[in-house]
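Report on the following structure.
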Amino acid sequence: MASGNVADGIVGTNDGGLLIAQNDNSAVVKLDKNGKATVAYMGTNTGGSLSMNSKGALFVVERGLNQAIWQLTPQRKMLANSYQGDPLDCIGGVVNDLTADSKGGLYFTMGGLFYASPAGMITRYGENLRTNGVILSPDEKTLYVTNGPTLVAFDVQPDGSLKNQRDFVTFSAGGGDGATVDSAGRIYVTGGSGVQVVGPDGKYLGLIPTPRNVISVAFSGPDKKTLFAVVSYGPRESLQAEIIAIPMIAQGYKGRAK
């Protein structure tokens, strides 16, 4: 278990470690398999959630003034910072979570649900959404996004567009936050009382309880059989975060970092 600066949007690394975005100091920290932390990237303008696609491109949402989505590797460059000709800030709220596809684009949440194409063009999708966490299925044919106490699913089209919005499952343990998937296509969604697990058929499978409020979750560790979670505590003005490790029988999806 590691603790420190407020963390969000974790992703696993090939060597069994984690990459962790830190809002307060605009850094991305690498936590190796032995728990040693080093700074991997700096100057992310209040960088929040991270996502790495199946080809190894790493993206971060920047939540400071002039919000944007940046690619950190293999080349550091801005992907998108405007919607319909206006700065992202004009949408309202902050860029929250993201999940990157194999085509070089990504889906992100900012109150609603959006897709940034590989060329940086942003399109909005969905109706009556209050989004937070978002994750692609292992085969990238389905997109899941939290909507309060409901997990919503969309069918992903070849060009990245979305169709067939539908309620996938409703949680009894409160609203969803971050999400990840395992090798069997199960979806793991964080909430106040733990990590809620849903089958690829939409069946609610149960709750993995956590000692504190849980924000973000990702598989990593040896053979990707450890579920890491960011838990938070303390008053809002001095919020602290810890990374906890949960040994699993289930295995994370190995086709991409998360």
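From the set of residues in the stretch 157-189 that are open to solvent by 30 Å² or more (accessible area, probe 1.4 Å) and part of a strand (DSSP E or B), which is nearest to Met110 (Cα to Cα)? Restricting to residues being open to solvent by 30 Å² or more (accessible area, probe 1.4 Å) and part of a strand (DSSP E or B), the top hit is Gln165. Taken over the stretch 93-108, residues that are within 18 Å of Ala7 (Cβ to Cβ) and free of Cβ contacts under 8 Å to residues at least 60 places away in the same chain amount to 3.
Cβ-Cβ distances below 6 Å connect the following pairs, each with a first residue in the stretch 110-129 that is more than 16 Å from Pro149 (Cα to Cα), a second residue that is open to solvent by 40 Å² or more (accessible area, probe 1.4 Å) and of a type in the set (Val, Ile, Thr), and a separation of six or more residues or different chains: Met110/Ile91; Tyr115/Thr123.
Quick check on Val156: is it out of contact with any Gly (no Cβ under 6 Å at 6 or more places or on another chain), among the β-branched types (Val, Ile, Thr) and farther than 25 Å from Pro87 by Cβ?
Judged against the criteria, Val156 is a match.
The residues in the stretch 21-50 that are open to solvent by 10 Å² or more (accessible area, probe 1.4 Å), part of a strand (DSSP E or B) and of a type outside the set (Gly, Ala, Ser) can be counted, and the count is 7.
Please determine, by comparing only the residues of the stretch 194-240 that are among the hydroxyl-bearing types (Ser, Thr, Tyr) and either within 18 Å of the chain's Cα centre (by Cα) or surrounded by 23 or more Cβ atoms within 10 Å (Cβ to Cβ) (or both), which one is modelled with the lowest pLDDT. Ranking the candidates gives Ser232 first.
Would you mind stating whether Ala245 is open to solvent by 10 Å² or more (accessible area, probe 1.4 Å), in contact (Cβ under 8 Å) with a residue 40 or more places away in the chain and over 22 Å from Asp97 (Cα atoms)? Judged against the criteria, Ala245 is not a match. Determine, yes or no, whether Ser3 is at pLDDT below 95 and closer than 15 Å to Ala257 by Cβ. No: the conditions fail for Ser3. Can you find a residue that is in contact with a Ser or Thr (Cβ under 8 Å, 6 or more places away or on another chain) and open to solvent by less than 10 Å² (accessible area, probe 1.4 Å) anywhere in the stretch 74-84? The answer is no, given that none of the residues of the stretch 74-84 is in contact with a Ser or Thr (Cβ under 8 Å, 6 or more places away or on another chain) and open to solvent by less than 10 Å² (accessible area, probe 1.4 Å). Residues in the stretch 51-93 that are acidic (Asp, Glu) and not in a strand (DSSP E or B): 1 in all. Would you please name the residue that is surrounded by the most Cβ atoms within 10 Å (Cβ to Cβ), looking only at residues in the stretch 137-150 that are within 21 Å of Val214 (Cβ to Cβ) and under 14 Å from the mean Cα position of the chain (by Cα)? Taking the candidates together, the pick is Val145. When restricted to residues that are part of a strand (DSSP E or B), of a type in the set (A, V, I, L, M, F, W, C) and more than 20 Å from Ile135 (Cβ to Cβ), the stretch 207-240 contains 0.
Scanning the stretch 51-73 for residues that are buried (at least 18 other Cβ atoms within 10 Å of the Cβ), under 22 Å from Tyr253 (Cβ atoms) and of a type in the set (Gly, Ala, Ser) returns Ser51, Ala57. Please determine whether any residue of the stretch 38-58 is without any contact (Cβ under 8 Å) to a residue 24 or more places away in the chain and under 19 Å from Ala245 (Cα atoms). Yes - at least one qualifying residue is present in the stretch 38-58.
The values are calculated or read from the model by the stated rules, or taken from the named source; none is laboratory data. The structure displayed is predicted, hence computed values, not measured ones. FYI the Cβ positions are ideal-geometry reconstructions off the backbone, even for glycines, and counts take in every protein chain you see. Heavy atoms of the whole protein, side chains included, go into the accessibility calculation; ligands, DNA and RNA do not. Shrake-Rupley method; radii C 1.70, N 1.55, O 1.52, S 1.80 Å.
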